[in-house]
Amino acid sequence: MDTTLEFLNTTAFTLGGNEFSVMRLLFIPLALICGFLLIRWGDRLIVRRLVHPRFNADVVQFCRRAFFIAMLVLLAFTILDLLNLPLTAFAFVSGAIAIGVGFGAQNIINNFISGWILMWERPIRIGDLLELGEDRGR
């Protein structure tokens, strides 16, 4: 037992003044897996609670997506905190990436925002028949 604890507390490597033990390296993937499982469980719970005649399918889908994105952001912040990485370390890099993504992916971002607007205003609902040129579909 003592040998196992000594091995788990052994420093695997040091990065930026933070020591990473074997236990920490095993705990981070375990925390990620548990986080994803909790997010999926919460997703199923939302669907069970909202699938009701008074809620449309697109409202349920909107709530699922919003919950999933919010929980992924929370999981990412939690993992960064477990790794003792301050968020300020990403300020400069994230600013540069945001400028590059803003210029390089304007069309993708416009389509994403348009999708959120369509989900919010609901002019097209799940199950509607759509016709675009010669293509038709639900």
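Taking only C-alpha pairs under 8 Å that are 6+ residues apart, what is the relative contact order of the chain in percent?
On the way: 64 pairs, mean separation 23.5, N = 138.
Across the chain, relative contact order equals 17 percent.
Keeping all protein chains in place, calculate the accessible area per residue for the chain (probe 1.4 angstrom), answer in Å².
Details: 11050 Å² over 138 residues.
Accessible area per residue, the chain: 80 Å².
Taking a cut-off of 27 Å, what percent of all Cα-Cα pairs in the chain are separated by more than that? Before the final figure, lay out each step's value.
Details: 4696 of 9453 pairs.
Here the tail beyond 27 Å accounts for 50 percent of pairs.
Roughly to the nearest percent, how much of the accessible area of the chain is carbon and sulfur, given a 1.4 Å probe? Show your work: numbers first, answer last.
Details: 7380 of 11050 Å².
In the chain, the share of accessible area belonging to carbon and sulfur is 67 percent.
The values are calculated or read from the model by the stated rules, or taken from the named source; none is laboratory data. Bear in mind that the values here come from a model prediction, so they are computed numbers and not experimental data. Heads up: the accessible areas ignore ligands, DNA and RNA and are worked out on the full protein's heavy atoms, side chains in. Shrake-Rupley method; radii C 1.70, N 1.55, O 1.52, S 1.80 Å.
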